[in-house]
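This report concerns only the one structure given below.
The values are calculated or read from the model by the stated rules, or taken from the named source; none is laboratory data. Just so it is clear, the model here is predicted, and its values are computed rather than measured. Please note: Cβ atoms are built from the backbone with ideal geometry, for glycine as well, and neighbour counts cover all protein chains shown. Note: accessible area is taken over every heavy atom of the protein model, side chains too, but ligands, DNA and RNA are not part of it. Shrake-Rupley method; radii C 1.70, N 1.55, O 1.52, S 1.80 Å.
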Amino acid sequence: MGKAELPLHAPGTRVDRGYIGQSVPRPNAQRLLQGRGTFVDDLRFPRLAHVAFFRSPYAHAKIRKLDFSKAVKQKGVLAVFDGPTVAEYCKPWVAVLAHLKGIKSPPQHAIAIGRACWQGEAVAAVVAESRSQAEDAVQLIEADWEELPVVVDMEDSLKGTKIIHEELGDNICFSRSFDTGGVDEAFAKADVVVGETFHFGRHTGVCLEGRAILADYNAAEHSLTVYHATQAPHMMQDIFSRHLGIPEANVRVIAKDIGGSFGIKVHVYPDEMATAALSVILRRPVKFVADRLESFLSDIHAREHRVKIRLAASKTGEILAFDLDDLTAIGPYSVYPRTSGIEGNQVVNLTGGPYKHQKYRARMNVVFTNKNLCCQYRAVGHPIAVALTEGIVDAAAQKLGMDPAEFRRKNLIADDAYPYTFPSGIKFEKLSHHKCLDKLLNLMSYEKLKRERDELRKAKIYRGIGLAAMIEVTNPSPAFYGVGGARISAQDGATLRLEPTGMLTVMCSVTEQGQGTEGIFAQIAASAVGISIDKVKVITGDTGVTPYGGGTWASRGAGIGGEAVLLSARALRSNILDVAAAILKTDRAELDIANNAVINRLTLENRIELTELGRVAYFRPDTLPMDFQSELTVTRHYTPRQYGFTFTNGIQASLVEVDPDTGFVRLLKHWCVEDAGTVINPMLVDEQIRGGVVQGIGAALYEECLYSPDGQLLNGNMAEYLVPMAGEMPDIVCAHVETPTTQSQLGAKGVGEAGTAGAPGAVMNAINDALLPFKARVTAMPFTPERILKALGKV
């Protein structure tokens, strides 16, 4: 079938797997004939198709014309689409939250219409029989562009000389001010005032597995099944439903084991929405996998900040006040549905977090630029807040002539001061800063390291020790997104089912991204029910099977999902004992469960194996009392309620050696003491911390997305975008203080982002300690050899 020869299927005509009903959108023949969406394939035989995207080579340009004539003639090409065609099937979105007062962003489409606003934005899609055929055809699309003024620098964006979205009036996406009052008075009476400007380079997640989606629309059922590398399947189920016009019950999202996410895969991506829309249009499965080059251009970036901060202190070392001014750039759109205002908002909320000052003022502006979009990435806002807080705390200690550890000890919130309300309004249930500090100093032999450092300086070997105390948001309640109108669940659910064979099936709404969630759930369920862990099967990431829940983000897997598993397991255990009592005709109080059997609580003798109990309950219920019904499937949900967030705390230390002739930094050792509440699986917790520390070190020393003045990404490949490698990483020593949260029976807090939150600040302070003999200081991450040499006055 040739170009534009696709017949319009009348309702009720047979098309492959079923009938097309009135509610199913159909291709617009007039638009197809105009060349805006061109079909070249017979759709009666829906094999798997692959989509590749034609992306803008310009940071800001008007699309005058797109010519698909050469692309559609290529072997294997099934269809080519532009933005207006896809927009008929996929509604645009606006990423705002009601509780972020004044946040604004223009509508964003799955494929850009009329204008591209960053290099890499998709402006057309080619669907073909194979990925390589689609990519080859993309190269043949011809475009006529009109370049538009580019805004790259965030300071220029704030000035508003050039406006990216004229309809918004300026380039400010979101602004926030906070003031406890009394800040100017605190600075006026301070004996010591220190100020610094910190710069944080934008970077990205570099996941092991790229973003991937396979969407399969069934016209007969008006249903959509999506195999998706996502952290939040139920959130995406809702979004596909609302934006594609398919009932939510007809949308199934399946997210099996994902090869790393770090927040990168918790957002809505235009090319992924387009892939789902193309499946609806073509009535066939369509697959998209972002390759590494595409990932650098289209995976969200994060953490481009310029922060000015001041600290006021007394001569005896008490911190009196913090004063913050944060400017952050997010690209041309706020990212849907979590928005791009959260990171800056977190910086305002968390700056100064571990300390007991009462005066605090903050100003923050989030601005649009013509770069790739920025949004939530592992430890959202924490690395910035911790680094600038700990950097200015070290500067104050130095000016006062105090040891950095003692200065912190003097100002950290006391361990017996809880519950505690921080100046920004956030509430802490129970933290352990002083216990963590004491444990860290002992663990690292702090005094000995200082003596060694001082001796080595005499031999012109420059080592530095850096500390970074921190707080971390985990187990978020609806106060994070739900209160702002986002349809993102703050609860998670778990269904546990005892099978007839005595096996235990656990189905939980938290997804597995490589963090060990499934192992934790199996461990909790096995322990709570009383069976061996080899008898547990865990299923996650499938909206067609698991209870409704939020998924994986904000260090909530064990604390929220694990609690749901525990509650469900305890309820199931109770039901199993009811069944056993009915079978055995004995008092339930005499029974317990252990080692896959119901036992006598006092004598520990086996009374009935769970395999036999399952057989009777499922296949011979006629042998049970007439008024008894066994219930061997249980569902429970959990969400924190008492506090908006369950905060964890900890402290990290880094030991580095700086070569003043080359500017190279050698990482010698790193320590982290973390209080994440109940530690369920020590090995998984420690490796989560180590992995987070490595990502934090990447931000401190290596990773930065570099752009030219005209908005071109200069290092969007693995040869030029540096990530930390195993050979460059130090030994990372982990230890724990356990202060369980009282909001749950499990007592677990989150731990997935702690390492990332504290490592950049610790490394920065260690480098600056090493540079102290030269009276040099670095404050712009990453701390490259060039920047260190510049601080030393050598370049």
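Miscellaneous remarks
- A single entry from V72, V94, V138 fulfils the requirement of being within 30 Å of R363 (Cβ to Cβ), of a type outside the set (G, A, S), open to solvent by 10 Å² or more (accessible area, probe 1.4 Å) and outside the structural domain of Q712 (by TED's automatic domain parsing): V94.
- Within segment 561-595, being polar (S, T, N, Q) and surrounded by 20 or more Cβ atoms within 10 Å (Cβ to Cβ) holds for one residue alone: S568.
- Taken over segment 505-528, the criterion of being surrounded by fewer than 24 Cβ atoms within 10 Å (Cβ to Cβ) and over 25 Å from the mean Cα position of the chain (by Cα) is satisfied by T505, A526, S527, A528.
- Residue in segment 626-646 that is in the same structural domain as L350 (by TED's automatic domain parsing), over 23 Å from Q743 (Cα atoms), in contact (Cβ under 8 Å) with a residue 24 or more places away in the chain and crowded, with 24+ Cβ neighbours inside 10 Å present: no
- The set of residues in segment 160-208 that are within 30 Å of A229 (Cα to Cα) and of a type in the set (S, T, Y) contains only T204.
- The C-beta contact set for segment 652-666 (first residue within 19 Å of D454 (Cβ to Cβ), second residue among the charged types (D, E, K, R) and crowded, with 18+ Cβ neighbours inside 10 Å, distance under 8 angstrom, 6+ apart or interchain) comprises L655/R463; V656/R463; E657/R463; V658/R463; R666/E657.
- Of the residues making up segment 288-318, those that are open to solvent by 10 Å² or more (accessible area, probe 1.4 Å) and in a strand (DSSP E or B) number 4.
- Residue within segment 579-600 that is modelled with pLDDT of 95 or more, assigned to a loop (DSSP other than H, G, I, E, B) and basic (K, R) present: yes
- Filtering D710, D731 for residues that are under 14 Å from A653 (Cα atoms) and open to solvent by 40 Å² or more (accessible area, probe 1.4 Å) leaves a single hit, D731.
- Among the candidates G727, G761, residue that is at pLDDT below 95 and on the phi < 0 side of the Ramachandran plot: G727
- Among the residues of segment 448-462, those identified as in a helix (DSSP H, G or I), closer than 18 Å to I767 by Cα and either without any contact (Cβ under 8 Å) to a residue 12 or more places away in the chain or not basic (K, R) (or both) are L449, R451, E452, D454, E455, L456, K458.
- Selection within segment 459-476: residues that are open to solvent by 10 Å² or more (accessible area, probe 1.4 Å) and not hydrophobic (A, V, I, L, M, F, W, C). The member of this set that is farthest from A397 (Cα to Cα) is K460.
- If you go through segment 483-496 and keep only what is assigned to a loop (DSSP other than H, G, I, E, B) and open to solvent by 20 Å² or more (accessible area, probe 1.4 Å), you end up with G485, R487, S489, Q491.
- Take the conditions (1) surrounded by fewer than 20 Cβ atoms within 10 Å (Cβ to Cβ); (2) on the phi > 0 side of the Ramachandran plot; G541 misses just one of them, which is (1).
- Checked against the criterion of being touching a His at 6+ places or on another chain (Cβ under 9 Å) and either within 26 Å of I264 (Cα to Cα) or among the hydrophobic types (A, V, I, L, M, F, W, C) (or both), segment 355-364 contains not a single residue that satisfies it.
- Across segment 407-424, the number of residues qualifying as touching a residue at least 40 places away in the same chain (Cβ under 8 Å) and farther than 18 Å from T739 by Cβ comes to 6.
- Checking the stated criteria, R615 turns out to be surrounded by fewer than 20 Cβ atoms within 10 Å (Cβ to Cβ), under 46 Å from the mean Cα position of the chain (by Cα), basic (K, R) and part of a helix (DSSP H, G or I).
- Residues that are within 19 Å of G493 (Cβ to Cβ) and assigned to a loop (DSSP other than H, G, I, E, B) within segment 226-255 comprise T230, Q231, A232, A255, listed in sequence order.
- Helices (runs of 4 or more DSSP H) completely within segment 111-222 that count 1 or more residues being more than 24 Å from L713 (Cα to Cα) and in contact with a strand residue (DSSP E or B) (Cβ under 8 Å, 6 or more places away or on another chain): 131-138, 183-189
- Filter result for the condition that a residue is outside any strand (DSSP E or B) and farther than 25 Å from S445 by Cα, over G696, G716, G755, G692: G716
- Count of segment 653-689 residues which are in contact with a Gly (Cβ under 9 Å, 6 or more places away or on another chain), over 16 Å from N765 (Cα atoms) and of a type in the set (S, T, N, Q): 3
- Residue satisfying condition, being buried (at least 24 other Cβ atoms within 10 Å of the Cβ), in a loop (DSSP other than H, G, I, E, B) and of a type outside the set (S, T, Y), within set F322, F262: F262
- Search result, residues across segment 78-91 that are open to solvent by 10 Å² or more (accessible area, probe 1.4 Å) and either closer than 28 Å to L706 by Cα or aliphatic (A, V, I, L, M) (or both): A87
- For E499, the conditions (1) closer than 28 Å to V685 by Cβ; (2) outside the structural domain of Q358 (by TED's automatic domain parsing); (3) open to solvent by 20 Å² or more (accessible area, probe 1.4 Å) are fulfilled apart from (1).
- Contact map, segment 557-584: first residue in the same structural domain as S261 (by TED's automatic domain parsing), second residue part of a helix (DSSP H, G or I) and open to solvent by 10 Å² or more (accessible area, probe 1.4 Å), Cβ cut-off under 7 Å, separation 6 or more or different chains; the map is empty.
- Some residue of segment 226-237 being open to solvent by 50 Å² or more (accessible area, probe 1.4 Å), in contact with a strand residue (DSSP E or B) (Cβ under 8 Å, 6 or more places away or on another chain), under 21 Å from R363 (Cβ atoms) and of a type in the set (S, T, Y): no
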